[in-house]
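The values are calculated or read from the model by the stated rules, or taken from the named source; none is laboratory data. Bear in mind the structure is a predicted one, so any value in this text is a computation, not a measurement. Please note: Cβ atoms are built from the backbone with ideal geometry, for glycine as well, and neighbour counts cover all protein chains shown. These area figures cover heavy atoms from the full protein model, side chains too; ligands, DNA and RNA do not enter into them. Shrake-Rupley method; radii C 1.70, N 1.55, O 1.52, S 1.80 Å.
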Amino acid sequence: MDVLTAISQRSSVRAYKATDVEEDKLEKILEAGRLSPSASNRQEWKFIVVRNKETKKKLAKAAFGQSFIGEAPVVIVACGTESKAVLGCGQPAHTVDVSIACAYMILQAYELGLGTCWIGAFEEDEAKKILSIPEHVRVVAITPLGYPNQPPSRKFRKSLDQIVCFEKYE
Ligand SMILES: Cc1cc2nc3c(=O)[nH]c(=O)nc-3n(C[C@H](O)[C@H](O)[C@H](O)COP(=O)(O)O)c2cc1C
């Protein structure tokens, strides 16, 4: 599968089969995160793999009751392990770095036939308590991971001419 095919066909999955995620597939997905780029190659990240049913349920509750999170066989919690660094452009490095890694993992998961859903709506402090995450570490994103139990949804995207301009901002 080429990259643009994965990008164009992937959609968020909010219903999962009980079928477990094979270890070799999970490892490949985590490898995609490991190999992703980061500012100054800092790699200040940690990906927590959760399979425990109770823990997943607690995470779903911390995500304002998005119960499908608890139904997936695996939940990945993506953390920035250093949150003080700021990029030259003013953006927090950990947010950018961890988001790129998550995007890579999500695409790799899609290529392997697995579904994901980027979760940005969660109570960070709750998630940290549940997973014993140290104070200085930030939780950037959560994704359930598993075989989709829903048809792919249609993509609604702006057209290129709405979002691209040339030479200056228009
Ligand atoms: C930063 C971010 C946060 C998101 N948070 C949530 C979320 O908390 N719950 C959810 O169901 N989907 C969430 N999504 C998924 C988006 O709603 C989804 O990607 C978007 O509607 C486009 O649909 P698609 O992923 O199917 O192409 C999030 C996506 C991003 C990128």
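Residues being buried (at least 20 other Cβ atoms within 10 Å of the Cβ), closer than 20 Å to Arg138 by Cβ and more than 10 Å from the ligand (Cβ to nearest atom): count how many of those fall in segment 110-127.
Selection size over segment 110-127: 1.
On the given criteria, is Ile133 farther than 18 Å from Ser12 by Cα, of a type outside the set (Phe, Trp, Tyr), more than 12 Å from the ligand (Cβ to nearest atom) and open to solvent by less than 70 Å² (accessible area, probe 1.4 Å)?
yes
Out of the residues in segment 10-26 that are open to solvent by 90 Å² or more (accessible area, probe 1.4 Å) and in a helix (DSSP H, G or I), state the one that is nearest to Val74 (Cα to Cα).
Here the residue is Glu23.
Give just the number: which of (1) touching a helix residue (DSSP H, G or I) at 6+ places or on another chain (Cβ under 7 Å); (2) more than 12 Å from the ligand (Cβ to nearest atom) does Lys53 not satisfy?
Checking Lys53 against (1) touching a helix residue (DSSP H, G or I) at 6+ places or on another chain (Cβ under 7 Å); (2) more than 12 Å from the ligand (Cβ to nearest atom), the one that fails is (1).
Give me the pairs, please: first residue somewhere in segment 145-170 and assigned to a loop (DSSP other than H, G, I, E, B), second residue anywhere and modelled with pLDDT of 95 or more and within 16 Å of the ligand (Cβ to nearest atom), beta-carbon distance under 6 Å, and either six or more positions apart or on two chains.
Within 6 Å, the pairs are Asn149/Ala15; Asn149/Tyr16; Gln150/Ala15; Pro152/Ser11; Ser153/Ser11.
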